[in-house]
Amino acid sequence: MKKVFPALAVAGLLTSPSVAQSVKRSDYPIQAVAFTKVKLADNFWLPRLKTNTDVTIPASFQRCEATNRVKNFEMAAAKSGKFATTFPFDDTDIYKTIEGASYSLSLYPDQKLESYIDELITKVGKAQEPDGYLYTARTIDPAHPHAWAGNTRWEKERELSHELYNSGHLYESAVAHYEATGKKNLLNIALKNADLVCATFGPGKRAVAPGHEIVEMGLVKLYRVTGKPEYLSTAKFFIEQRGQYKGYDPKSSDAWRNGSYWQDHKSVYDQKEAVGHAVRAEYLYSAMADVAALTGDQKMLASVDSIWNNMVTKKLYVTGGTGAVPGGERFGGNYELPNGTAYNETCASVANVYWNQRMFLLHGDSKYVDVMEKVLYNGLISGVGLDGKSFFYSNAMQIKNSAVFGQSEPERAGWFECSCCPTNLARLFPSLPGYVYAQKANDVYVNLFINGTTDLNVNKQAVRITQQNNYPWNGDLKFTVAPKSSADFNLLVRLPGWARNEAVPSNLYTFAAPSPEQVSIKVNGKAQPYTMRNGYAVLARKWKKNDVVEVALPMETRKVVANPNVRDDVGKVALQRGPVVYCAEWKDNDGRTSNIVVPAATRFTASYKPDVLNGITELTATVPVVKVDAANNSISTVQQTLTAIPYYAWANRGKGEMTVWFPERITDVDLITRKVEEKIVAK
Ligand code: FUB
Ligand code: ZN
C-alpha cells in the first residue's frame, strides 16, 4: 500500500501539490490531528475498529454484491438491464464501505482489500457518464429511470432523487481513499462529477436545495484537497438555497408540506432550531460549520450556533441519540423526547459526531466534545452488535414486553433494504483516531481518552504523546509527553462535563445530586496547578522528555434527571458512570425491567466483568420491583437485585424488555397482570 505523503498534511487534512491549485489558508481556527498520525492501542476502541475491519467491512462489501448494488454499477456501465435494488441512493452503500475500508487500510494495510477496492473503483468509473454524471438509477436505462429520479437529470433533486446525495458520498469516499492510499483513481471520478455539479448549479445556472444534504460537506472536502474555489462556492450556494422554494405551505404543521423536513422552510440564516429529517439536518449543520469556517460568514456561524443550542437544550436523548420522531425520521418539537417511540437513527448519531467535531474546531469549547463523547460511547455504538454484523437502524430507549404493550421487541439485523446505517458505521469507526487530538499553535488539545500514541509537530518541534488508561471504566488517565528536546507549549486536557457535575452542556439533563469529588491533576507525581479554559485544564509548562501527566476523573455512578419539560422522564432517573449511560435488560433482571423502581436513596456497586458482553463495568443495587398478586387485585414490591449494563451493549443476548429511565416511585410503574408476567418470565 502506498503510504500517506506526510508533506501533504495541511491543516489536519491532506493536500497534494500536484492536485492543489491554491490552498486557502482561512479555515477552522483549530485543526484536528489527522487520523493517520494517531496510532491506537486501546482496549475499548481498538477491538471495535478491528471488528469493523475484519467483520463489518467484508460483510458490507459482500452484502453490496449479494443485494445487486454492485450489479447496478455493472449495468450502468453496460447501459442495459433494470435497476436491481430498491432505492436510488443504494450506490452510496458502496461509496461508504470504500470510505471505511480506506480508513481501515491506514490502520491495517491489506493488499487484497486494496486490490478489491480498486476493482470496485473501476466499476464505478465505468458507470460514470462521459460528462461526469454518476447515478446508476438513471444511467442503466435513462428512458425508465427510478420512480424517484424524474425523467430528466436533477428534476426531482429537491425531493427524493438523491442525485446530489450520491455525489456527496462519492466525494467523501474519494477523499478518504486518496488520503489513505495516495491513489487518485476514485478522486478523479469524484472530481469529474463535482465539475459537472459546479457547471450545472450556481448563480445564473440551476438552483436547488439538495433534497438530502451531504454534497455540501463532500464539496468542502474536495475543495480542501484541490483548493478549487468552485467547490467551496457551490457548497455555499447549495446551503444558501434553503428557504428559496416557494411551493410549500408555511402555515402547515406538516414537516413535508411546510418544507422543514428538508430544512427548506426558511433561509439558513433565519434557522434557529434543529428540525426535520435528522440525518439531513445534521449533515447540513456540519456543512454550515465548514463553510462558516472557510469563508468567515458570521451570520452562518450565528445560525449554526443557535441550532446547536436548540439541539443540546431540547432535542437530545440522554444517550446522545437525535431524531425522536419515526414519521419522517426527524427531530420532534422542543422537549419531545418520548422513550417508547424513540427513533434515534444510527446515521443521525454518525452525523452528530461530524457536527460536534466541527463545532469544537470552530470554538475550542469542550462542550462540543462532551456531546460527541456521549454519542460515541452510547447512542452510536448501540447501533452495531458486538458481532460487528448485526445492526440497529433505530435505537430504542425503552422496550416493554410486546405481549402486554403491543410494542414489537426489536432485534438487530444484518442488513436493511434501506441500509444506510451499517455502512455509515463502517466509515465512521476507522476514522476515530482523527477525533482524539487537535492543535492550535501552542495549544495541544486532548479530546478523547483513547490509548495510543501520536506524533505531533508543535512549533516545529517533534512531540510524542502517549495515553495509557482503562477508559471508560476507570477515570485514571496517564499521558506521557515526550518532546524531542524541552519545549514550551500548553497541553489542554478536556475535563469532561460529567466530571464537573454537568450531565450535558445545558439544563436538559442534570445529575440528581452534585458530587463532592474533584478532578486531580499531577505532573511527575506532584499536584499541578492549572487554569480552566472552555472546559479544558490548561497545563502550561516547559515540557521535558517523558514528563508524566496523571489526571484522576471521579468515576462514580450518577443518577441523571431530565428537565421537567421532558414529559416521559418525569419522576424517573437514568444511570451514568463516566461517559457511559446504562440500561437494565431483561436477561439480567429476572426476565423483566419495566417493573423496576430506583428510589432516590439507591446506592450502586460497580464491578468490572471481563466475561460479560466483551468486558463491561456492571452496576448492581438492591431495589424494589413491582409484582401483581395472582388474582390481579393488589400489588406489592419485592426486593431484587437490579443489574444494569451499558446501554450500547443491550440486545446482544436475545429479545426482551429494556429500560433506560427508571421510575423513582411505584406510582410511575406500568402494571401488567400476573398471568402475563408469568408468561414473560417463562419465555
Ligand atoms: O435518504 C437516505 C437515507 O435513508 C437517510 O439518511 C436515512 O434516514 C434513510 O432514510
Ligand atoms: Zn441510516
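No lab work stands behind these numbers, since they all come straight from the coordinates. Remember, it's a predicted structure, so these values are computed and weren't measured experimentally. Counting neighbours? That spans all protein chains shown, and the Cβs are built from the backbone with ideal geometry, glycine included.
The charge dipole of the range 387-473, taken about its Cα centre with unit charges on the Cβ atoms of Lys, Arg (+1), Asp and Glu (-1) only, comes to about 280 debye. Note on the chain: dipole from Cβ charges, positive end direction compared against T139, A278, P229; the farthest Cα belongs to P229. Its Cα gyration tensor gives the chain an equivalent ellipsoid, and the semi-axes of that ellipsoid, as √(5λ) in whole Å with the largest first, are 39, 33, 23. Other residues lying with their Cβ under 14 Å from the Cβ of E129 contribute a combined charge of 0, Lys and Arg counting +1, Asp and Glu -1. Spatial offset of the range 41-55 relative to the range 160-184 amounts to 24 Å, using the alpha carbon center of each. Summing charges over neighbours of L492, with a neighbour being any other residue whose Cβ is under 13 Å away from its Cβ, gives +2 when K and R count +1 and D and E count -1.
Packing-wise, with mean Cβ within 10 Å as the measure, how do 419-432, 453-466, 589-602 rank, highest first?
Packing order, densest peptide first, comes out as 419-432, 589-602, 453-466.
With Cα atoms defining each centre, the range 206-274 and the range 456-474 are spaced 38 Å apart in the structure. Using θ = phi - 60° in the Karplus curve 6.51 cos²θ - 1.76 cosθ + 1.60, the 3J(HN,Hα) couplings for the range 535-548 round to x, 10, 7, 8, 9, 9, 6, 8, 7, 10, 4, 6, 4, 10 Hz; x is entered for Gly and Pro. Loop-located trypsin sites (Lys or Arg not before Pro) in the range 222-276 (DSSP state other than H, G, I, E, B) with a sparse environment of at most 10 neighbouring Cβ atoms within 10 Å: K246, K251. Legend: ranking of residues I140, I98 from fewest to most surrounding C-beta atoms inside 10 Å; resulting order I140, I98.
Just to be sure I understand the curve: with the Debye formula and one point per C-alpha of the range 557-682, what is log10 I(q)/I(0) at q = 0.14, 0.16, 0.18, 0.21 Å⁻¹? The computed values of log10 I(q)/I(0) come out as -0.60, -0.78, -0.98, -1.27. Residue exposure proxy: H212, H144, H177, ordered by other Cβ atoms within 10 angstrom of their Cβ from fewest to most, comes out as H144, H212, H177.
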